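Notes for the one structure printed next.
The values are calculated or read from the model by the stated rules, or taken from the named source; none is laboratory data. As the structure is a computational prediction, the values presented were derived from the model and not from experiment. When we count neighbours, we look across all protein chains shown, and the Cβ atoms used for this are built from the backbone with ideal geometry, even at glycine. Note: areas computed on protein heavy atoms with side chains; ligands, DNA, RNA excluded. Shrake-Rupley method; radii C 1.70, N 1.55, O 1.52, S 1.80 Å.
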Amino acid sequence: MGIPNEFNPEAIAAKSAPDMRMYQVEVSSTEPMKSLLESNPEIYFVTPQGGSQWGTWEFKPGSYYDTTTGVKHPYWAEHRLPQPTKDIDQLRRDMVEWGYCKIAEALAPEQVDVLRDRVLEQAEGERLAAIAQKTPSGQNINCCVNKGRCFEQLIEQHPAAVQGGPLVEQLVTEALGSGWICTSLIASISLKGGVPQALHQDQSNALDSRSPMTVNVLTAITDMDESNGGTLVIPGSHTALAEAVRERKPVGKLPPAINIEAKAGTMVITDGRLLHGTGINHTTAPRIVMLNGMQKPWMRQQENWMLSVSPDVLRRASPKLLHRMGYQATTGTQTNEGHGFGAKGFAGEAAGATVAFRLAADAGEYVRVGELSSTSSEEELRADFTLRRVVGEARKGGQSAPVGISGMRLPSGEG
Ligand SMILES: [Fe+2]
């Protein structure tokens, strides 16, 4: 029996020229970066050319990296750019208008000390182990959650590690809606001789969105300003870029970039659509910022927490930390062999909790449901499937798992 010609790859290709495709404009768009760089060529990515080039800092109007702080910048001095504050109303206004806000003293000095000591020790250890993750700007420490209890608490915004945690969480919830999760926790260390990072948006999808899909919670662990690589941002670019994409208009001339100035302990929340990048450290002391991105719960996370988190951390993790790392399934995301259908994705919700599967795998005891049939043996049918155990535990916990293992009742997602 011949396969119909319509299924022949060559016949499909002949009918799939770009102008014949559906949604071609949306799928192939390189906006807003294409027109952004055409209108603002001075912010084009700077190729690494050796540290000496970045050692002689002076303010140069028009350069996105040889810039300065908002208050010292001739263009921005007249504007009321975000200042560190604990006033939640002001923080909201700063986020909406400028795409970032600064929470003053979100960490107390002793909370900063704990993180700084741990970051510097870890950075040295990773260098000695010859696994340091060098970046053009310096050194990153990835997957911090495995590298100290203080990092677990930082992800949780636990007041023991972040005195301003409740305020930070309120703002993140307002920006992203409830149920948001964490994408990664990275220590970003900017070192002398490093190269400025290209300005970019952290949010890589839905760039026409009217509210952010991601936000980054940056914690200054050392003071930062124009001298040591204070994060570069173009204030207000979050809405300028989103509007251009939404209206299908090219991005025009943008205002100049500045270095964010922040005392250690300040948390800076940035809108995922804001243009930003790591600045140049002109000093000999490391500049440390914790990058703790948060996102809508349906997006893929930067860190693959499903594999990377250590068993010890998983076993002691609070329901909140597990949720934040993505270990709570919903009907549409991260279900594990069907466990999680019907779950809302709440922290501690047994009907969507998936960590038991990972721990079973760690122990070499994960029994997956494979091929079964009417001729399967009694032994095959009675196997100690991990799914059977997890669903049973979830029911025992008082939360009925909406998906039965017999008499399957699928609330949605079936089809
Ligand atoms: Fe970024």
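Quick notes on this structure:
- Cα gyration tensor shape of the stretch 213-264, rounded if a/c is under 1.5, else prolate or oblate by comparing a/b with b/c: oblate
- Distance between the C-alpha centres of the stretch 128-186 and the stretch 77-106: 21 Å, rounded to the whole angstrom.
- The stretch 39-170 shape via C-alpha gyration tensor axes, a/c threshold 1.5: oblate
- Solvent-accessible surface ranking, highest first, for 287, 118 at 1.4 angstrom: 118, 287
- Within the same chain, lysines fewer than 8 places from residue 249 are excluded, and of the rest, those with a Cα less than 17 Å from its Cα are 34.
- Only helices enter this figure: runs of n ≥ 4 DSSP H residues, each worth -39500 (n - 2.57), summed and divided by the residues of the chain, yield -8000 deg cm²/dmol at 222 nm to the nearest 500.
- Alpha-carbon centroids, the stretch 188-221 and the stretch 347-376: separation in whole Å: 36
- Residues in the stretch 310-396 average 54 Å² of solvent-accessible surface per residue, probe 1.4 Å, ligands and nucleic acids excluded.
- Inter-probe distance in nm under a simple model that places probes 7 Å from Cα toward Cβ, at residue 21 and residue 310: 4.5
- Comparing 175, 11, 350 in a Gaussian network model of the chain (Cα springs below 10 Å), the most mobile by mean-square fluctuation is 11.
- Solvent-free Debye calculation, one equal scatterer per alpha-carbon of the chain: log10 I(q)/I(0) at 0.06, 0.11, 0.12 Å⁻¹ equals -0.31, -0.92, -1.04.
- Excluding same-chain neighbours fewer than eight residues apart, the lysines reachable from residue 296 by a Cα-Cα span under 18 Å are 320, 344.
- Ligands, DNA and RNA left out, the 1.4 Å accessible surface of the stretch 310-396 is 50% carbon and sulfur atoms.
- GNM flexibility winner over the chain from 327, 366, 100 (Cα, springs under 10 Å): 366
- Using a probe radius of 1.4 angstrom, the carbon and sulfur fraction of the accessible surface of the stretch 225-309 is 53%.
- Solvent-accessible surface of the stretch 49-295, averaged per residue with a 1.4 angstrom probe and all protein chains in place: 39 square angstrom.
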